[in-house]
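The values are calculated or read from the model by the stated rules, or taken from the named source; none is laboratory data. Bear in mind the structure is a predicted one, so any value in this text is a computation, not a measurement. Ideal geometry is used to build each Cβ from the backbone, glycine not excepted, and the neighbour counts take in all protein chains shown. Protein only, heavy atoms only, side chains kept; ligands, DNA and RNA dropped before computing areas. Shrake-Rupley method; radii C 1.70, N 1.55, O 1.52, S 1.80 Å.
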Amino acid sequence: MSTKKPTDTGCLSVIMFFIMISYAVSSIRNCFTGGKKKAETPPVQEIQRTPPVREYVVPPEIKGKYRIASTKDVSFPTVKRYVYNVVVTGEPTKAELTEIAYAVFEAAKRWTPFNALSVVFYDYECLIYHGIVMGYADFAPDGDWGKAIDVQTGNYRTMKIINEIEEPYWPNAVTKREAEIYADFDTALFKDDTADEDVVASEFAEKYGMTQKEFHDLCIRVTARLRK
């Protein structure tokens, strides 16, 4: 006489049915995928972007107050150094002249790579190279012109300013004509370093219809201009 209960047989039949269905579904899936597992989607990685270099914008308060009159190459074979002679207009302050120096520095970087740069200020173009300046600003590695040899040309990361700009005292400015007369006189002395300065000064006083004292005073005013 059998002791197995009918319900036991029914449960086993249901379990076997679901196992067979699962196997059949798995077989059908393998037919379509070739038995390969679905590729996992790689995690999205954030792309690191270098922030754009902010372009230097000339401040409005110095626009139209200067122009680069000339440049001079004072480089060595492997060290690029330049002098930018800047003529100002109006009556800029020391702060404005300093801002102009930075503007020239940024412009020079776009034009030609360098190791060091000097920005020299004049009130009249005729006085360039006559040793009479309003002041200057040097840009060099760690603020040292001599360290220009220690950096790669075009590397400005350690550039610092050496600010030798004085506060101009505009009431002591001279006229363009006075500046031109002095420049003419100084050029004559430069051409002949054996010439007697007093003799040349006397000749120039006569040339410009001035007394010797008037001419001497003019030279003093030009060399001491813009200073209290």
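Figures for the structure shown
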quantity	calculated
Positive minus negative residues near Asp138 (Lys, Arg vs Asp, Glu; Cβ under 13 Å)	0
Spin-label model distance (nm) - Ala107 vs Asp193, 7 Å beyond Cα toward Cβ	3.4 nm
Built amide H within the under 5 Å cut-off of Ala69, gap 5+	Asn85, Val86, Val87
Of Lys109/Lys147; Lys94/Lys176; Lys65/Lys213; Lys80/Lys191, those spanning more than 23 Å from alpha-carbon to alpha-carbon	Lys65/Lys213; Lys80/Lys191
DSSP-assigned coil residues among trypsin sites (Lys or Arg not before Pro) in the range 78-169, each with at most 15 further Cβ atoms within 10 Å	Arg157
Distance-filtered residues of the range 129-167 - backbone nitrogen under 19 Å, label point 7 angstrom along Lys94 Cα→Cβ	133-139, 161-167
Within the range 114-208: Cβ-based charge dipole about Cα centre, in debye rounded to nearest 20 (Lys, Arg +1; Asp, Glu -1)	620 debye
Per-residue ³J(HN,Hα) for the range 91-97, Karplus 6.51 cos²θ - 1.76 cosθ + 1.60, θ = phi - 60°, Hz, x for Gly and Pro	10, x, 8, 4, 4, 5, 5
Placed amide H near Ile165: partners under 5 Å, 5+ positions off or other chain	Tyr136
Solvent accessible area, Å² - Thr158, 1.4 Å probe, full protein context	60 Å²
Residue-normalised accessible area of the range 91-228, given per residue in Å² at a 1.4 Å probe	55 Å²
Residues with amide H under 5 Å from that of Met159, placed H, sequence gap 5 or more	Asp142
Alpha-carbon centroid distance for the pair the range 91-156 / the range 199-220, whole angstrom	34 Å
Length released on extending from Asp144 to Lys63, taking residue separation times 0.36 nm less the Cα-Cα span	26.3 nm
Local net charge near Ile128, Cβ-Cβ under 13 Å (Lys/Arg +1, Asp/Glu -1)	-2
Rg/Rg_globular for the range 71-228, with Rg_globular taken as 2.2 N^0.38 Å and Rg from C-alpha atoms	1.21
